[in-house]
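The numbers here are math on the coordinates, done by the rules we state, and not lab data. If you're wondering where the values come from, they're calculated on a predicted model, not measured in any experiment. Every residue, glycine among them, receives a Cβ derived from its backbone with ideal geometry; neighbour counts consider all protein chains shown.
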């Protein structure tokens with residue numbers, strides 16, 4: 001393979017010149033050689049990792065694309081993957097930047113139309129809510145007001161002390177690392193930092209609570225007083241740590257393969273979280289489930305249409321995450 005006539009041995013791409021019988025590991029923008037593994041599982045793992053490393057370079061437009069008859073790879077440079085192998089409709093893991101993680105994202109809207117006559121004022125308004133899980137608040141969304149928009153959003157504790165703040169961009173306030181405990185009461189609130197703005201609210205047809213996926217809406221709030229109105233907010237987008245899956249679309253493969261080896265690329269697990277795989281080689285007619293990764297397996301039900309599910313598992317107390325940046329399958 002000619003890599004655009006680049007001398008990889010003299011321009012610092014390799015840490016040192018590899019010798020016969022050595023393989024390389026891609027680290028940043030360099031390849032660091034290592035001894036060729038001798039264990040059978042590792043021997044299969046090495047070409048998969050190499051293919052994924054090459055794909056990473058391909059995505060960065062550093063080399064010419066290649067194809068592999070017995071290797072399936074993809075990297076999650078976006079939610080569908082570089083080769084569009086992710087079935088986003090059937091996957092519930094959260095895509096964050098360049099990886100899928102064992103988070104479940106919920107867009108919890110209370111569903112009440114806010115169309116009451118609004119008034120101007122400077123008071124802080126908002127909604128009281130409880131949490132069904134340990135969650136992270138990603139975004140809070142308000143109704144478009146018929147006047148000046150509030151500028152700052154807050155998350156308050158049960159005593160109305162400020163925990164987190166964020167500035168609105170349009171109608172959305174985005175938060176970073178706004179983590180809340182399970183089974184606790186909080187407030188989402190907004191104001192214009194002491195200046196007058198349009199305070200949208202609704203009283204007609206309001207009947208608390210509104211129990212949703214990650215949170216439950218319990219009531220309204222103006223200044224330091226709880227009441228029964230809906231104020232300003234329409235939707236809270238939150239995530240929670242939970243078991244999640246990444247499922248592929250059906251992928252056509254050649255016939256005759258008898259074995260496979262699967263890896264999760266750039267996998268990360270914490271606090272005993274795990275990643276396993278479910279695999280079908282006959283277009284989901286039969287599955288082998290709960291398969292360990294990084295090991296060789298026999299193909300029990302042969303076929304020409306491959307589908308995979310990567311199971312990102314939390315630990316028993318629900319405070320662990322598992323994630324990966326792609327996957328690779330070796331067939332032989």
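By per-residue mean of other Cβ atoms within 10 Å, what is the highest-first order of 219-225, 164-170?
Highest-to-lowest ranking by the protection proxy: 219-225, 164-170.
Ordered by packing density, taken as the mean number of other Cβ atoms within 10 Å over each peptide's residues, highest first, how do 99-110, 74-85 rank?
Peptide ranking by packing, descending: 99-110, 74-85.
Would you mind classifying region 59-207 by shape? Square roots of the alpha carbon gyration tensor eigenvalues, ordered a ≥ b ≥ c; an a/c under 1.5 is rounded, otherwise it is prolate if a/b is larger than b/c and oblate if not.
Because a/c hits 1.5 or more and a/b exceeds b/c, region 59-207 counts as prolate.
Using only the Cα atoms of region 143-194, build the gyration tensor, take square roots of its eigenvalues as a ≥ b ≥ c, and label the shape rounded, prolate or oblate: rounded if a/c is under 1.5, else prolate if a/b is larger than b/c, else oblate.
The shape class here is prolate.
Gap in Å between the Cα centre of region 275-319 and the Cα centre of region 175-220?
Between the Cα centres of region 175-220 and region 275-319 lies a distance of 41 Å.
Within region 237-255, name every residue whose backbone N is under 13 Å away from a label modeled 7 Å from Cα of residue 172 along the Cβ vector.
237-238
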